[in-house]
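These notes are about the structure you will find just below.
The values are calculated or read from the model by the stated rules, or taken from the named source; none is laboratory data. All figures in this text were calculated on a predicted structure; none of them were measured in a lab. Here the Cβ positions follow ideal geometry from the backbone for every residue, glycine too, while neighbour counts run over all protein chains shown.
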């Protein structure tokens, strides 16, 4: 009854009393019903931060501290742990995902490690940083280079999902395609590069429906997606084909997913080329010899004979370029094998010389 505990002033919604057994039973029974009767793969729990903190979206004097004088909602924390324990006990393969926007410790850590017991946590920080970065004209991106690299300071503190969800394409936020700057060619090139970064960055991937073919309008739950674009417009068809190829390369390339939640699977090759707005990194499998190197260029400038650091000597072959003509690009790619030169570059002991596509990315692998 006390609005300091029973309602969210920001949303005008009521708050469950997580300390009451009948409330816990009601909520967990609902979760189990969806899992058992509808055979869903899992649950994404929205706004977990609003459950964890008693002072969420409240000013001083508008909330009541817990019994220890702190701001943590102890009842909600224990409820979340209990819910995850029961669901994973009944459905070990379930996907329990937290949409949690703070740095609360151990959201996706096991219960016996002191965590909340979720399987995954949305990486809201990466999503906000990257969409903010891509919204800027390429000429200004060098002043925001840290937005590309900051996520790697915390990328392995949780089991992260990289979310490009429905939340980002509603309520006046525009579709992903129309968040990109430039003319239509540049918008599509930027979007291919965004997807390339999403697929190659550590963490599991979430892309909301419609983005894969360049939906123009925002998502609206009462109308269908713009499927006609894939029948009438070549650029949308080419983007859809690119996502298909990106998925195929991802599935076939173990280093992109085998060690996703540890620094053992990631290594910077170069993060200092601020003036060119270029980054390069290595993704490694369980065997470090099993690796690929990814280069991303966030400007429309084409560069030839560019030094790309690689972690080992030998020959390298490009396996994907976002800029080939079949995907709607300007057809800058590297058809020939490249031999590593035993001279350090960036963070790498060797390097190869490559052509860098505009607003594009490439993946090379040892052969």
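For every residue, the table says whether it meets (1) touching a residue at least 40 places away in the same chain (Cβ under 8 Å); (2) surrounded by 13 or more Cβ atoms within 10 Å (Cβ to Cβ).
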position	(1), (2)
46	yes, yes
65	no, no
72	no, yes
78	yes, yes
92	no, no
105	no, no
120	yes, yes
Query raised in the report: Which members of region 344-360 meet the condition of being in a strand (DSSP E or B) and either outside the structural domain of residue 303 (by TED's automatic domain parsing) or over 14 Å from residue 307 (Cα atoms) (or both)?
Result: 360
Report summary line: Sole miss for residue 142 among (1) farther than 15 Å from residue 296 by Cβ; (2) in contact (Cβ under 8 Å) with a residue 40 or more places away in the chain is condition (1)
**Report entry** Filter result for residue 96 (touching a residue at least 40 places away in the same chain (Cβ under 8 Å), buried (at least 17 other Cβ atoms within 10 Å of the Cβ), in a helix (DSSP H, G or I) and assigned by TED's automatic domain parsing to the domain that holds residue 19)
**Finding:** no
Query raised in the report: Has region 135-147 got any residue that is farther than 29 Å from residue 218 by Cβ and in contact with a helix residue (DSSP H, G or I) (Cβ under 6 Å, 6 or more places away or on another chain)?
Result: no
Requested in this report: Report, by residue number, each residue of region 294-315 that is surrounded by fewer than 23 Cβ atoms within 10 Å (Cβ to Cβ) and over 26 Å from residue 183 (Cβ atoms).
Outcome: 305, 307, 311, 312, 313, 314, 315
Requested in this report: Please find, within region 212-238, the residue that is surrounded by the fewest Cβ atoms within 10 Å (Cβ to Cβ) out of those that are assigned to a helix (DSSP H, G or I) and free of Cβ contacts under 8 Å to residues at least 24 places away in the same chain.
Outcome: 231
Query - Odd one out for residue 311, checked against (1) over 27 Å from the mean Cα position of the chain (by Cα); (2) more than 28 Å from residue 241 (Cβ to Cβ) - result: (1)
Requested in this report: List the number of the failed condition for residue 10; all other conditions in (1) free of Cβ contacts under 8 Å to residues at least 24 places away in the same chain; (2) part of a loop (DSSP other than H, G, I, E, B) hold.
Outcome: (1)
Query - Cβ pairs under 6 Å, 6+ apart, first in region 248-268 and under 22 Å from residue 347 (Cβ atoms), second assigned to a helix (DSSP H, G or I) - result: 256/250; 259/265
Query raised in the report: Among the helices (runs of 4 or more DSSP H) contained in region 119-207, which hold 2 or more residues that are within 13 Å of the chain's Cα centre (by Cα)?
Result: 124-134, 184-200
Requested in this report: Quick one: which residue in 82, 39 is free of Cβ contacts under 8 Å to residues at least 40 places away in the same chain and either under 25 Å from residue 2 (Cβ atoms) or part of a loop (DSSP other than H, G, I, E, B) (or both)?
Outcome: 39
Report summary line: residue 55 passes all but one of the listed conditions (1) surrounded by 13 or more Cβ atoms within 10 Å (Cβ to Cβ); (2) part of a helix (DSSP H, G or I); the exception is number (2)
Requested in this report: State whether one or more residues within region 333-343 are in contact with a helix residue (DSSP H, G or I) (Cβ under 8 Å, 6 or more places away or on another chain), buried (at least 17 other Cβ atoms within 10 Å of the Cβ) and part of a loop (DSSP other than H, G, I, E, B).
Outcome: no
Query raised in the report: Is at least one residue of region 208-227 at pLDDT 95 or above and within 22 Å of residue 282 (Cα to Cα)?
Result: no
Report summary line: Flagged in region 314-334 as more than 26 Å from the chain's Cα centre (by Cα) and touching a residue at least 40 places away in the same chain (Cβ under 8 Å), in numbering order, are 314, 315, 316, 317
